1. Taking 0.36 nm per residue of sequence separation and subtracting the Cα-Cα distance, how much length would be gained by fully extending the chain between residue 89 and residue 150, in nm to one decimal?
2. Which length gain, in nm to one decimal place, applies between residue 43 and residue 133 when the Cα-Cα distance is subtracted from 0.36 nm times their residue separation?
3. For region 46-75 and region 121-174, write down the distance between their C-alpha centroids in whole Å.
4. Kindly identify region 1-100 as rounded, prolate or oblate by the Cα gyration tensor criterion: order the square roots of the eigenvalues as a ≥ b ≥ c, call it rounded if a/c is under 1.5, otherwise compare a/b with b/c, prolate if a/b is larger, else oblate.
5. Per 0.36 nm of contour for each residue apart, how much would the distance between residue 160 and residue 69 grow if the chain were fully extended, relative to their Cα-Cα spacing?
6. Just read off the accessible area of residue 172 with the full protein assembly in place, 1.4 Å probe, to the nearest 10 Å².
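The values are calculated or read from the model by the stated rules, or taken from the named source; none is laboratory data. Quantities reported herein were computed from a predicted structural model and do not represent experimental measurements. What goes into the accessible areas is simple: the full protein's heavy atoms, side chains included, and nothing from ligands, DNA or RNA. Shrake-Rupley method; radii C 1.70, N 1.55, O 1.52, S 1.80 Å.
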Amino acid sequence: MAHTRSDQPFLDRARNGDQNAFRELVERHKLSVARTVSGMLGNDPDVDDVVQEVFIRFYQTLDRFRGDATCKTYLTRIAINRSLDILRRRKRRSIMFLSRDHASSYPEPQVEDTQFDRFDRIQLIQSAISRLKPHHRAVIVLRLIDGYSTSEAAKILNIAEGTVLSRLSRATAHLRDIISPVLEQEM
């Protein structure tokens, strides 16, 4: 992978206004950022826009990036935070519309039998992940999709390692509860 080489020379040049150096950083990390955003938002038409917003935010904060974390970790933190913002905004909108209809609670999307016939296992898993609470989704994406260690995920999310493990345990149990009935019907 291209990003295994040090990003520091490109960061230094990008901070001094070298657009080619910044483009190289984008190229090195765009797939990782896209994977994180997709994991958080699912199959959503806004994913590309959010990825662009992550790199815009990165560019705007280049002078404040101290290098305490790797460039990839820093970008992942921005991607998770931006995705969480979008999920919160969507929830507020949904609640606003539901309250107009006098609904008493926020409905969870259901995975129907016919949906499994139309979608493969990957789409089932993405659908299940999208049903998780945002803080559980973030841990699943970081640990199981992006492959960060517990320690790295804790730093990205700014929470204790024990909290990462607790959320991961709850999230995987919830995923199992969502997916198992559908897979049992398939057999």
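1. Stretched out fully, the residue 89 to residue 150 stretch lengthens by 19.2 nm.
2. 30.7 nm
3. That distance is 21 Å.
4. Taking the square roots of the gyration eigenvalues as a ≥ b ≥ c, region 1-100 is prolate.
5. 31.1 nm
6. Solvent-accessible area, nearest 10 Å²: 40 Å².
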